[in-house]
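Everything below concerns the one structure shown next.
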Amino acid sequence: MQAYSEGLRLKGKRLSFVPTMGYFHEGHLNLMREAKKMADILIVSIYVNPTQFGPKEDLSKYPRDFERDSKMAEGAGVDVIFYPSDKEMYPGNYQTYVSVEEVTKDLCGLSRPGHFRGVTTVCAKLFNIVKPHIVVFGKKDFQQYITIKRMVDDLNLDLEIVGLPTVREADGLAMSSRNVYLEENEKPSALILVSSLKLAQKLYDNGERKASAIIKEVGKLIKSVPYVDIDYIKICDTKTLTNVEEITGDAVIALAVKVSKTRLIDNHVFGENLNI
Ligand code: AMP
């Protein structure tokens, strides 16, 4: 992969890259189509990275279907799929990790210890292997996007990170490979995430700026449906991801909610379009 990318770079080609864990949906395909417009050659990686899963998480049952993914990728204009094995990525003597500190402390970093260390490590490796000029991420994983941007700035990585908005189902549910875990009777409860983001924006539009007041109302709404267990509801500064008490600058409301066994995340930057 490195030699192939280097060859293209020497010919003056621009390379864009979309790292994924596969099991594609429209959210992934949108990143690919946009990434294709930004460069000459589009590379996508499919790798379910074990180091970003906790011991009790869904690594073994994470949905996988390479044949389906490769057809979908081709349709979206992907030139190359990088599909490494665990042995190639983490050989027996592997011992180097990348950690980004402050922005990974709260939100998913609290409930998924070690998760972002795995994400930043695998992304640093993928960036070195794929050698892209530009890498496209979804803002659905807002903390991941901020964390990767921090790593790229801090380590002077010679590439550009672009974040694109969340793609949703017609009913508003943020697309996710994990949505396949949802049972039919749990789907209405999953929709409470987007409804609660809409409520937060409405409260903001009506002049509410106290984070605790918005969080309280959002919490009440989420708890009004069955099967849900709130991991967190937080309102943070969009750059530092530290909690804000009073919304004065750019702020994001971020949610993680378990619907039965499925952990869903979603977020909304106040004042932006919710895309539904
Ligand atoms: P994943 O395969 O879930 O690790 O995601 C690969 C990339 O797709 C990441 O940059 C995600 O943020 C992005 N992504 C996943 N779901 C969505 C979505 N619904 N809308 C936009 N981007 C997404």
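Only one of the numbered conditions (1) assigned to a helix (DSSP H, G or I); (2) within 13 Å of the ligand (Cβ to nearest atom) is violated by Ala124, and that is (2). Note on the range 224-276: residues that are assigned to a loop (DSSP other than H, G, I, E, B) and either over 13 Å from Cys108 (Cα atoms) or among the hydroxyl-bearing types (Ser, Thr, Tyr) (or both) amount to 23. With the checklist (1) surrounded by fewer than 20 Cβ atoms within 10 Å (Cβ to Cβ); (2) more than 16 Å from the ligand (Cβ to nearest atom) in hand, flag the one item Ala200 doesn't pass. Unmet condition: (1).
In the set (1) out of contact with any strand residue (DSSP E or B) (no Cβ under 6 Å at 6 or more places or on another chain); (2) among the aromatic types (Phe, Trp, Tyr); (3) within 12 Å of the ligand (Cβ to nearest atom), Tyr145 fails one condition alone, (1).
I'd like to check something: does the range 131-139 contain any residue that is buried (at least 16 other Cβ atoms within 10 Å of the Cβ) and away from the ligand (no atom under 15 Å from the Cβ)? Scanning the range 131-139, I find at least one residue that is buried (at least 16 other Cβ atoms within 10 Å of the Cβ) and away from the ligand (no atom under 15 Å from the Cβ), so the answer is yes.
Taking the range 4-38 as the range and being in contact (Cβ under 8 Å) with a residue 12 or more places away in the chain, away from the ligand (no atom under 13 Å from the Cβ), open to solvent by 40 Å² or more (accessible area, probe 1.4 Å) and in a helix (DSSP H, G or I) as the test, the residues that pass are Tyr4, Glu6, Arg9, Lys36.
If a residue must be open to solvent by less than 60 Å² (accessible area, probe 1.4 Å) and outside any helix (DSSP H, G or I), how many such residues does the range 39-64 contain?
The qualifying residues number 16.
The values are calculated or read from the model by the stated rules, or taken from the named source; none is laboratory data. Predicted model, so just to flag it, every value in this text is computed and none were measured. Heads up, the Cβs are rebuilt from the backbone with ideal geometry, glycines too, and the neighbour counts pull from every protein chain shown. Calculation scope for accessible area: heavy atoms of the full protein, side chains included, ligands and nucleic acids excluded. Shrake-Rupley method; radii C 1.70, N 1.55, O 1.52, S 1.80 Å.
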